[in-house]
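What follows is a set of notes on a single structure, which appears directly below.
The values are calculated or read from the model by the stated rules, or taken from the named source; none is laboratory data. Keep in mind the model is a prediction, meaning the values are calculated, not measured. Every residue, glycine as well, gets a Cβ built from its backbone with ideal geometry; the counts of neighbours run over all protein chains shown. Accessible surface areas use protein heavy atoms only, side chains included; no ligands, DNA or RNA. Shrake-Rupley method; radii C 1.70, N 1.55, O 1.52, S 1.80 Å.
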Amino acid sequence: MKFTAPDPTFYPSARLAMEGPREELGYVVALAADGGSASGNPDALAVIDLNPDSREYGRIIHWLATPTIGDEFHHFGWNACSSALCPYAPHPHLERRYLVIPGIRSSRIYIVDTKANPRRPEIVKQIEPEELVRKTGYTRPHTVHCGPDGIYVSALGNEKGEGPGGILILDHFSFEPLGRWEMDRGPQVFAYDFWWHINQDILISSEWGLPWMLEDGLLPEQLMKGAYGRALHVWDLRKRRHLQTLDVGEKQQMVLEVRPAHDPRKSYGFTGVVISLEDLSSSVWLWYRDGENWAIRKVIEIPAEPAKEEDLPPLLKGFRAVPPVLTDLDLSLDDRFLYLSCWGTGEILQYDVSEPMHPKRISSLRLGGIARRNAHPRLPQKPLNGGCQMVEISRDGKRVYLTNSLYRAWDEQFYPEGIQGWMALAHAGEDGLHWDERFLVEFPQTHRAHQIRLQGGDCSTDSFCFP
């Protein structure tokens, strides 16, 4: 008798996912440095060989360019993941086959098929901005998460590029935009990232700003007014209704990535705040259940570092300091280690968060950075620019991948000479982090490396419904 089996890269629990095979390929979106120019280069998807036994280890083995210009690829994701194994999932026999890649500037979404040849994926569908606006009312798609009932995509603005931003849904099979997710958004206006406590029917979303506050770079006058995002929002996932706002305070600006615990029995998660108006520090905040409601508290603070004025870009010269600029964080599947990437200082920090209220710093490494320009051990004489930015962890928790571009207009403000794109790998062991001296992927001068996805899933991809 023949049975239909679920995708072997789907796992009932995070614990079982950690036992899965090692990733051999990485997919990295590369945004064009001149993407705003009509005669510029198109964005691309780079395929990276991650097999240490391969002769092509640490190299770009395929370059998939788009047919259009000016998309600005950002945070992409898989069409399906382990959430398809949830008991109430209507689509348990989906495949982790397609990459859903949004253009944050063009509002165009690409569907890329990896199944026929994972080393040479191809574009099979484009969702044009006109269709996205007509069916959802949203523009500037930002983050993709695969849910059990559809593909969720956050969007920063409405059809006019103003507020409110929110979440839209794509059909799992046709990729057709179905509409807005929110039924009652309450006071929520800003959007950015989102994820969920899937067994508890709770969604958490975060705040960056509206498109006009972002697309031409950081606006100092808006920042000093405290006009950027400063809160998390708690939602009823099934009823799509706003429940609660978790405000971190007017001096805390830009609440970005959300990383809930992977164990579905746990009711907490971590989010990062980019900058404090009081002292330029960055911070990590813990959200958690407090009786019938949810609460939030600061658990990690990362101070700014003094720097010479001549080593700073115009935006920072008056401060004579380098802010950490915490732009990404990732949580290992066993919920033990939290990794923080500080794009300003170029530091990647490792914390033990076994006790979420009391994180313990374990180790750190540096690459690039505004003032230090730390080199990689593979090229010790070559100062690197940019800094540790997007971070992704292998399912077994042993490898931490990093890239160095944030957002094209913001790149130019913090690194005025332009970002030379790179991707690096740090190994995580009992003795902390150390660089893989063989692995430094240098991207073409024309492109900058951003979000990373790993073959078979990674630590910011999947939701699990079993402990």
Could you work out the percent of alpha carbon pairs in segment 315-456 separated by over 19 Å, rounded to a whole number?
48 percent
Kindly report, to the nearest 10 Å², the accessible surface of Lys135 as traced by a 1.4 Å probe over protein heavy atoms only.
70 Å²
Which value, in Å², gives the accessible area per residue of the chain when a 1.4 Å probe is used on the protein heavy atoms?
37 Å²
From the helices alone, meaning DSSP H stretches of at least four residues, give me the mean residue ellipticity at 222 nm for the chain, per-run term -39500 (n - 2.57), in deg cm²/dmol to the nearest 500.
-1000 deg cm²/dmol
Using a 1.4 Å probe, how large is the accessible area of Leu214, given in Å² and rounded to the nearest 10?
0 Å²
Label point distance in nm, Thr68-Gln244, each placed 7 Å from Cα along Cα→Cβ
4.0 nm
Among the listed pairs Lys251/Lys308; Lys135/Lys160; Lys125/Lys160, which are separated by more than 19 Å between their Cα atoms?
Lys251/Lys308; Lys125/Lys160
Evaluate the relative contact order of segment 14-454 (contact order divided by residue number), counting alpha-carbon pairs under 8 angstrom at least 6 apart; express in whole percent.
11 percent
Sequence of Asp201, Asp216 from largest to smallest accessible area, 1.4 Å probe:
Asp216, Asp201
Dividing the alpha-carbon radius of gyration of segment 6-84 by 2.2 N^0.38 Å (N being the number of residues), what value is obtained?
1.41
Quick one: ranking Asp149, Asp171 by accessible area, 1.4 Å probe, largest first, what do you get?
Asp149, Asp171
Could you tell me the distance between the Cα centroids of segment 295-371 and segment 389-423, to the nearest Å?
13 Å
Using alpha-carbon positions, what is the distance between the centroids of segment 219-277 and segment 1-68, in Å?
29 Å
Whenever you get a sec, line up Arg15, Arg366 from highest to lowest accessible area (probe 1.4 Å, protein heavy atoms).
Arg15, Arg366
For segment 14-454, fraction of C-alpha pairs farther apart than 30 Å, in %
38 percent
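Given Cβ point charges of +1 (Lys, Arg) and -1 (Asp, Glu) and nothing else, what value in debye, to the nearest 20, does the dipole of segment 14-454 about its Cα centre take?
In debye, rounded to 20, segment 14-454 gives about 380.
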Segments 41-52, 422-433 sorted - mean Cβ within 10 Å per residue, highest first:
41-52, 422-433
So the label point goes 7 Å from the Cα of Phe319 along Cα→C-beta, right? Which residues of segment 399-426 then have their backbone N under 12 Å from it?
414
In percent, what relative contact order does segment 281-330 have, based on Cα pairs under 8 Å that are 6 or more apart in sequence?
35 percent
For Lys360, list the lysines whose Cα falls under 18 Å from its own Cα; do not include residues on the same chain fewer than 8 positions away.
Lys298
Which GluC sites (Glu not before Pro) from segment 10-102 combine a DSSP loop assignment with at most 12 other Cβ atoms within 10 Å?
Glu19, Glu56
Please report the carbon-and-sulfur percent of the accessible area for the chain; probe 1.4 Å, protein heavy atoms only, DNA, RNA and ligands left out.
49 percent
Between Asp352 and Asp290, the two model label points (7 Å from Cα along the beta-carbon direction) sit apart by a distance in nm of 2.8 nm
Using the basic label-point model (7 angstrom from Cα toward the beta carbon), what is the Asp311 to Asn51 distance in nanometres?
4.3 nm
Backbone N under 20 Å from the Lys298 label point (7 Å along Cα→Cβ), restricted to segment 349-370
349-353, 356-362
